[in-house]
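None of the figures in this text is laboratory data; all of them are computed from the coordinates on show. Here the structure is a predicted model, which means the values were calculated and not measured. Cβ: placed from backbone, ideal geometry, glycine included. Neighbour counts: every protein chain shown.
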Amino acid sequence: MSRAPEEVLWDFLRGAMMTKALGVVVDLGIPEALADGPRPVEELAREANVDRNVLYRLLRALASDGVFEEHEPGTFALNAGSELLLEAGWSAFAHLFGDVFYKAVADLDDATRTGAVTFPDTFGTGFWPWLAEHPEEREIFDRAMGGGKRLNADRLAELEWQEGEVVVDVGGGNGALLVDLLRRRPGLRGVVLDLPETVRDEAALGPDIEFLAGNFFEEVPTGDAYVLSSIIHDWDDEAATAILRTIGTAAPPQARVLITETVLQPGNEPEGAKWLDLLMLVLAGGRERTEPEWRALLESAGLEPIRIDNGLIEARCP
């Protein structure tokens, strides 16, 4: 059943408060504190060293929209929505959207006027250098990126693979995607390429995956397939083309380039990627792309588009 226009507008008006409240509660460790069952807010506030009344009001508001539950007055518990916050990826995203992303998107009005990335104006440097200067935020960012890789690994595992093929995860962060992929396709070998400051546990990569520190604008290793998972949307067309050309230079003929990203759809149906597109703009000048935009980007980099499906784009090197 469709919602009343007033309900739709109210969701937009309060959206910023919902984002911030969730980020605050996650940063206080409340989901973990409730992992073993319901607890009174007095205990939660005492352990978190915060004001009991304000914490109650935060949890009450979140519970009213399906995140946490108030079982009896002043006693809260996890529910299906908040249980997800016990997973590393969801909790990391809650922090990012409630903190650095929250601050960055506040400059959307400036980006609208200028058309330019605004992150450096507020933070003093670009998004990627800022992460390098804040290792604790880099670790949270890598957890967030790693937490959403399972679906992408499923998509990639369904493709045809040859025994012993080398898969290079370009900008692969902590390696979570390749770990999941090789669990499904144990005959493959993997290389994770990312900046040296990437927070990772190399022992967890296993014997068939190696981490290679490097910059994908400068050089990538030789492989049979190149995976870019939520990488290209970080960059404008000029930078994205440069990344793809770097791959084309290193790749053997007919190597596959596999991009796990959204293909924006026309029309007015709800689509989270259209909101993510605005975040990419203010963070690093990036964008989400439509099917014609993906095709033009691949061809400008000298790659042959094979298929452009929502969630998986495949091309071949010449």
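Quick notes on this one:
- In order through segment 163-180: 3J(HN,Hα) via Karplus (6.51 cos²θ - 1.76 cosθ + 1.60), integer Hz, x for Gly, Pro: 3, x, 4, 9, 9, 9, 8, 7, x, x, x, 7, x, 4, 5, 5, 4, 5
- Burial ordering of Met17, Met145, Met280, fewest other beta-carbon atoms within 10 Å first: Met17, Met280, Met145
- Rounded to 5, the percent of DSSP beta bridges in the chain classed as antiparallel: 40
- Around the amide H of Val257, modelled in the peptide plane, lie the amide H atoms of Tyr226, Ala315, Arg316, Cys317, all under 5 Å away and 5 or more residues distant in sequence or on another chain.
- Cβ-placed point charges (K, R +1; D, E -1), dipole of segment 145-316 about Cα centre in debye, nearest 20: 260
- In order through segment 220-230: 3J(HN,Hα) via Karplus (6.51 cos²θ - 1.76 cosθ + 1.60), integer Hz, x for Gly, Pro: 10, x, 6, x, 8, 8, 10, 9, 10, 9, 6
- Only helices enter this figure: runs of n ≥ 4 DSSP H residues, each worth -39500 (n - 2.57), summed and divided by the residues of the chain, yield -14000 deg cm²/dmol at 222 nm to the nearest 500.
- Pairwise label distance in nanometres, Glu210 with Glu43, each label 7 Å out on the Cα-Cβ vector: 5.1
- The chain: relative contact order in percent, alpha carbon pairs under 8 Å with at least 6 residues between: 13
- Prolate/oblate/rounded call for segment 264-318, Cα gyration tensor, a/c under 1.5 rounded: oblate
- Labels on offer are (1) -0.65, -0.92, -1.17; (2) -0.53, -0.78, -1.08; (3) -0.61, -0.82, -1.02, and the one holding log10 I(q)/I(0) by the Debye sum over Cα atoms at q = 0.10, 0.12, 0.14 Å⁻¹ computed from this structure is (1).
- The relative contact order of segment 164-318, computed from alpha carbon pairs under 8 Å that lie at least 6 residues apart in sequence, is 21 percent.
- Averaging the sequence gap over all C-alpha pairs within less than 8 Å and six or more residues apart, then dividing by the number of residues, gives segment 5-86 a relative contact order of 30 percent.
- Sequence of Tyr56, Tyr226, Tyr102 once ranked by neighbouring C-beta atoms within 10 Å, starting from the fewest: Tyr102, Tyr56, Tyr226
- Seen from Gly187, the other residues with C-beta closer than 11 Å to its C-beta sum to a net charge of 0, counting Lys and Arg as +1 and Asp and Glu as -1.
- Net charge dipole, the chain: roughly 260 debye, given to the nearest 20, about the Cα centre with Cβ charges of +1 for Lys and Arg and -1 for Asp and Glu.
- Prolate/oblate/rounded call for segment 153-256, Cα gyration tensor, a/c under 1.5 rounded: oblate
- Long-range amide H partners of Asp169 with built H, under 5 Å: Val191, Val192, Leu193, Val227
- Rounded if a/c under 1.5, otherwise prolate or oblate - segment 111-153, Cα gyration tensor axes: oblate
- Across the options Ile140, Leu58, Leu86, the greatest Cα extent toward the positive end of the charge dipole of segment 36-176 (unit charges at beta carbon of Lys, Arg, Asp, Glu) belongs to Leu58.
- In Hz, Karplus ³J(HN,Hα) per residue of segment 258-273 (6.51, -1.76, 1.60; θ = phi - 60°; x = Gly, Pro): 10, 10, 9, 8, 6, 10, 4, 9, x, x, 10, 5, x, 8, x, 5
- FRET efficiency for the Phe217 to Thr122 pair, using the beta carbon distance and R₀ = 25 Å, is estimated at 0.55.
- Fluctuation leader among Ser91, Ser300, Ser229 - the chain, Gaussian network, Cα springs under 10 angstrom: Ser300
- Taking the C-alpha atoms only, the angle from helix 291-300 to the longest principal axis of the chain is near 40 degrees.
- Rounded to the nearest 20 debye, dipole of segment 20-77 from Cβ charges on Lys, Arg, Asp, Glu: 220
- For segment 145-316, share of DSSP beta bridges that run antiparallel, in % to the nearest 5: 30
- Given charges at Cβ of Lys, Arg, Asp, Glu: the chain dipole, positive-most of Thr290, Met18, Ile247: Thr290
- The simple Förster model, with R0 at 41 Å and r as the Cβ-Cβ distance, assigns Arg113 and Glu163 a FRET efficiency of 0.15.
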